[in-house]
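Structure record follows, encoded as structure tokens.
The values are calculated or read from the model by the stated rules, or taken from the named source; none is laboratory data. These numbers were taken from a predicted model, which means no experiment stands behind them. Backbone-built Cβ (ideal geometry, glycine too); neighbour counts: all protein chains shown.
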Amino acid sequence: MFETYINDYNEAVFEIDKELALEVIESALEEGVTPEQVVFNIIIPSIEVMMAEIVINADTNLAQHFMTAQIAAEVTEQMLAKFESPPDIIGRVIIGTSYGDLHSLGKRIVMGCLKSMMVDVVDLGVNIKAEAFVDAAVAQDAQIIAISSMMVHTATGEEGSLKVRSLLKERHLEDKIKLVVGGAPYRFDHELYNKVGADSWAADGVTAAKIIHQLIMDGKS
């Protein structure tokens, strides 16, 4: 039963048809699928299918990634309100773009995927200074700081990841808070994340969500 819903839902998203995707979910609910099952047996497997597709085909359409993430986040939020009991959030992420960077598409894809995977996301927005990332992570008891950069000079700038790493060291938080980076500069230089002091990096928003989720789970083991 769920395989049919997943296939229909994925097909709608592939066609970038949000209305049809939501109709699939509504049909599932009308046929007795619970809100909990929608999230854990349809939405999350759909995200996992997209993650697997990226491994096979790195040129998959960015618009499809964005739509899948946004629809997943929207459906998840609607379903959470209907759960019999609130689900456990597995962790929390502080996310934003580096200082001097004003783009947000990649960040929004990450957020959409993470929300459907029961990860709480605190979005600081764009053009964020290093201290704001660390202060927010401490205040929100977050396990991950995720920083997106579109340009090399913002990825390596004085208010970028290197300063975040320095602040984490200074406050003795390196074992508690992991630093993940992503964006175009890291796709061109796969070792750049090491140079800016990050724990990991991702080539795209969907992969970033997968890496962040895994880091949170690793921290629980």
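Points to keep in mind about this one:
- Selection within region 85-131: residues that are of a type in the set (D, E) and free of Cβ contacts under 8 Å to residues at least 40 places away in the same chain. The member of this set that is farthest from R171 (Cα to Cα) is D88.
- Remark: pairs (first residue in region 199-216, in the same structural domain as A184 (by TED's automatic domain parsing) and among the aromatic types (F, W, Y); second residue assigned to a helix (DSSP H, G or I) and at pLDDT 85 or above; Cβ separation under 7 Å; 6+ apart in sequence or on different chains) = W201/Y186; W201/Y193.
- Residues of region 90-118 classified as outside any helix (DSSP H, G or I) and within 23 Å of V49 (Cβ to Cβ), total: 5
- Against the test of being under 13 Å from the mean Cα position of the chain (by Cα) and of a type in the set (S, T, Y), the options S85, S98, S116 yield a single qualifying residue, S116.
- Restricting attention to region 2-33 and to residues that are in a loop (DSSP other than H, G, I, E, B) and touching a residue at least 24 places away in the same chain (Cβ under 8 Å), the residue that is farthest from S85 (Cα to Cα) turns out to be I16.
- Contacts under 6 angstrom Cβ, first residue in region 142-167 being closer than 14 Å to A132 by Cα and not assigned by TED's automatic domain parsing to the domain that holds A184, partner aromatic (F, W, Y) and buried (at least 24 other Cβ atoms within 10 Å of the Cβ), 6 or more apart: none
- V121 passes every criterion in (1) at pLDDT 90 or above; (2) assigned to a loop (DSSP other than H, G, I, E, B) apart from (2).
- Verdict on D88 being at pLDDT below 85 and of a type in the set (D, E, K, R): yes
- Screening the candidates V39, V55 for the property of being more than 14 Å from the chain's Cα centre (by Cα), assigned to a helix (DSSP H, G or I) and at pLDDT below 75 yields one hit, V55.
- Residue match in region 99-114 (condition: modelled with pLDDT of 85 or more and farther than 25 Å from E159 by Cβ): no
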